[in-house]
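The values are calculated or read from the model by the stated rules, or taken from the named source; none is laboratory data. This structure is a prediction, so every number in the text was calculated from the model and none was measured. Every residue, glycine as well, gets a Cβ built from its backbone with ideal geometry; the counts of neighbours run over all protein chains shown.
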Amino acid sequence: MAKSINTNSNNTYSKIKPYRGRFAPSPSGELHFGSLVAALGSYLDAHAHKGKWLVRIEDIDPPREVIGASKSILSTLESFGLCWDDEIVYQSNRHDFYQHHLNELIENGDCYGCDCTRKMIMAGGGLYQSTCSDKSIEQLSSPYSLRFKNINGVSEFTDRLLGNINVDDTFANEDFILKRKDGLYAYQLVVVLDDIDQQINHVVRGSDLLEVTTRQMTLLNRLSAPTIDYLHLPLAVTSSGLKLSKQNHAKALDLTQRKLLILQALDFLGQVIRSDYLDMSLEQLLKHAVVHWNINTIPQQSQILKS
Ligand code: GLU
């Protein structure tokens, strides 16, 4: 039996409850410098607010998963002293929970089936035009996806680092996918259900997720869930501007150089590197970095990673 979701309709939760943040890696590869930056930024922000820092493994997409990556990400985090404050949540264990809440959305008329192909959507300009919104299930060919009937899409929010963020109304109001044709739950659905269930009130992550934050806020609103404060960190990119990732041959972290890597990540995040940091242990360094954490000096732009 799926448990019910924790919601609080007065939307003031993030202001009155203790800070709860998280790092939510997808196990599509080992931790690289870009994900270390996201992990460190979210850890420091949580600790600087005397909050809790949780880790959630977003293993919801088996075709993209690399065997052994979850274990390796967790042991790498631990080796840096980035220790989490609660049990790890694995999305792969939570299908019943996701389906339970998806069923509620279906019962409330917030979802509909769609059998459009990617090619059809691209031919219509790339954003989905609610083509199937009036079709009954009998009119659809299998397989079909489930889309959110998006009535009041959020188109703007204030990011703690980047300030006012606006997305195009057409993007904000697109009926996005909640369950894919291949039967997998969509990231937008599960990230929101888990953030609510884990009572996350602060999200610090890479700015590749800046625009889709509006979709997550739309779903949070629909579920009458408390608001979340967002901070999107600069991305580490390759010289051709691509986000550092396993696919872009991100270099494996040299774990014999952990202190140096933390210093590089702190520098990347615009934090002051004091000369005495070089003499500190990793543990002392993290403690100092928490005390001196300053979001006002974090660069707003992606940065090319020098190799
Ligand atoms: N799992 C996502 C990723 O690894 C991050 C999700 C999030 O922080 O909301 O890119």
- Note on the structure: residue 127 fails exactly one of (1) under 23 Å from residue 223 (Cα atoms); (2) within 23 Å of the chain's Cα centre (by Cα), namely (1)
- Boolean, residue 213 is under 20 Å from residue 35 (Cβ atoms) and either free of Cβ contacts under 8 Å to residues at least 40 places away in the same chain or more than 18 Å from the chain's Cα centre (by Cα) (or both): no
- Query: Restricted to the stretch 57-73, and to residues that are of a type outside the set (Asp, Glu) and within 12 Å of the ligand (Cβ to nearest atom), which residue is surrounded by the fewest Cβ atoms within 10 Å (Cβ to Cβ)?
  - Reply: 64
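Do we find a residue being part of a helix (DSSP H, G or I), at pLDDT 95 or above and within 30 Å of residue 282 (Cα to Cα) anywhere in the stretch 79-90? Don't jump to the end; show me each part of the working.
Taking the stretch 79-90 first, the residues part of a helix (DSSP H, G or I) are 79.
Now restrict to residues that are at pLDDT 95 or above: 79.
Subset that is within 30 Å of residue 282 (Cα to Cα): 79.
Yes, that holds for at least one residue.
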- Has the stretch 144-151 got at least one residue that is within 16 Å of the ligand (Cβ to nearest atom), under 22 Å from residue 127 (Cβ atoms), of a type outside the set (D, E, K, R) and assigned to a loop (DSSP other than H, G, I, E, B)? no
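May I ask you to list the residues in the stretch 152-167 that are in a strand (DSSP E or B) and of a type in the set (A, V, I, L, M)?
Of everything in the stretch 152-167, just one residue is in a strand (DSSP E or B) and of a type in the set (A, V, I, L, M), namely 165.
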- Item | Selected residue [of a type in the set (Phe, Trp, Tyr), under 29 Å from residue 39 (Cα atoms) and surrounded by fewer than 19 Cβ atoms within 10 Å (Cβ to Cβ)] from 90, 98, 187 | 90
- Out of 210, 235, 242, which single residue is modelled with pLDDT of 95 or more and of a type in the set (A, V, I, L, M)? 210
- Item | Verdict on residue 145 being out of contact with any Pro (no Cβ under 7 Å at 6 or more places or on another chain), over 25 Å from residue 243 (Cβ atoms) and among the hydroxyl-bearing types (Ser, Thr, Tyr) | yes
- the stretch 26-47: number of residues that are modelled with pLDDT of 95 or more, surrounded by fewer than 22 Cβ atoms within 10 Å (Cβ to Cβ) and within 11 Å of the ligand (Cβ to nearest atom): 1
- Task: Any chance you could count how many residues in the stretch 101-123 are in a helix (DSSP H, G or I), in contact with a helix residue (DSSP H, G or I) (Cβ under 8 Å, 6 or more places away or on another chain) and not hydrophobic (A, V, I, L, M, F, W, C)?
- Result: 1
